[in-house]
Amino acid sequence: MNGIELRNVTKRYGSDPSAPLAVKGISFEVPQGTLTTILGPSGCGKTTTLRMIAGLESPSSGQILMDGRDVTTLGPAERNVSMMFQSYALFPHMNVIENVAYGLRMGGVAKAAAHTRAADALRGVGLVGFDERLPSELSGGQQQRVALARALVLEPAVLLFDEPLSNLDARLRREMREEIRAIQQRLKLTVAYVTHDQSEALAVSDQIIVMDHGVIAQLGAPQALYGRPQSEFVAGFMGEAMVFAAVAREGGSVALGPLQFMPRHPVAPGAVKVAVRPEAWRIGEGEALPATLRKASYLGSYYEYSFETALGPVFVVSGDLARPLAAGASTALGLGEHGVSVVAQAPGG
């Protein structure tokens, strides 16, 4: 049975029927015991969708089901969900153990029992010995763990995350996303997770839903969305792919300027668009696309190059640290086997 199911859900703010829809008839499922990330740019409707799952917003139309039960008209307390916010929302005047135990105490659990369960939850997120500290005495990562423990201690059927890592630095973000994924898999939690960070989504998800202007642009496993984007928007949002005009030929190959490749899926002959990821380019290898280097940036473990070519500007990521190129260098570009996909038939193609 599915953990979460949305059926043709729409959301319009206000009572004016001419007001624009924030969410436009979306349907998807989050299977029980899995983690689904709702991904997209600001204003795409992802947070509104999460708030409707939580019961903090009511859909204008459609249904929301949890474990097969229609919860569309139920409030948050009747849905057995916990939500972790971007701001952590810890009570500044309560110490750590009181913050974690708060939801249990409000639910009628005795103080001693609530504190025992809170201590267990804190141990589960690797935070021992901090019970008496105030939130102001904790680092950002420690506050995040307290908020996670507070959500987990309620033993919810569904756990919701709204941009939970955006306030952390890069190293802590990586550590905490691994922690969240490990806890989710260990406890077999059903999780809906909102972020605008595609690397975060790729790292933690069983399923990714990419939203754009209130609709679902594409959903599927992380490998499918990265390896076979179905639109120019998804290709560009999932990893900085650049999109070029190309021609699919009768024999099945695709011509991208002077380069040719065989797509992994059959494509009808005619004009098409091809997405090429920065890591797909091979410098000085394969069939030649003449290129002149305009800009080089060293980022420690790789270089970022901006080339000028007959196809227009080309952005390349290269892990070849031994042979860096200098601005003004002339070379040739080829295509690797991965990171190249036909994303859409061009109009009239």
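Please treat every number below as a calculation from the coordinates, not as lab data. What you see is a predicted model, and the numbers here were worked out from it, not measured in a lab. Heads up, the Cβs are rebuilt from the backbone with ideal geometry, glycines too, and the neighbour counts pull from every protein chain shown.
PRO17: buried (at least 16 other Cβ atoms within 10 Å of the Cβ) and either touching a helix residue (DSSP H, G or I) at 6+ places or on another chain (Cβ under 8 Å) or in a loop (DSSP other than H, G, I, E, B) (or both), yes or no?
no
Please go through region 123-174 and pick out each residue that is part of a loop (DSSP other than H, G, I, E, B), closer than 17 Å to LEU90 by Cα and charged (D, E, K, R).
Within region 123-174, ASP131, GLU132, ARG133, GLU163 meet the criteria.
Could you check, for region 160-169, whether at least one of its residues is in contact with a helix residue (DSSP H, G or I) (Cβ under 7 Å, 6 or more places away or on another chain) and charged (D, E, K, R)?
Yes; the residues of region 160-169 include at least one that is in contact with a helix residue (DSSP H, G or I) (Cβ under 7 Å, 6 or more places away or on another chain) and charged (D, E, K, R).
Does at least one position in region 186-200 carry a residue that is charged (D, E, K, R) and under 25 Å from ASN8 (Cβ atoms)?
no
Which ones in region 79-118 are among the hydroxyl-bearing types (Ser, Thr, Tyr), in a helix (DSSP H, G or I) and closer than 14 Å to ALA151 by Cβ?
TYR102
For region 231-301, which fully contained strands (runs of 3 or more DSSP E) count at least 2 residues that are under 27 Å from the mean Cα position of the chain (by Cα) and β-branched (Val, Ile, Thr)?
Output list reads 270-276.
Is it the case, given these coordinates, that GLU200 is under 22 Å from GLU57 (Cβ atoms) and under 13 Å from the mean Cα position of the chain (by Cα)?
No: the conditions fail for GLU200.
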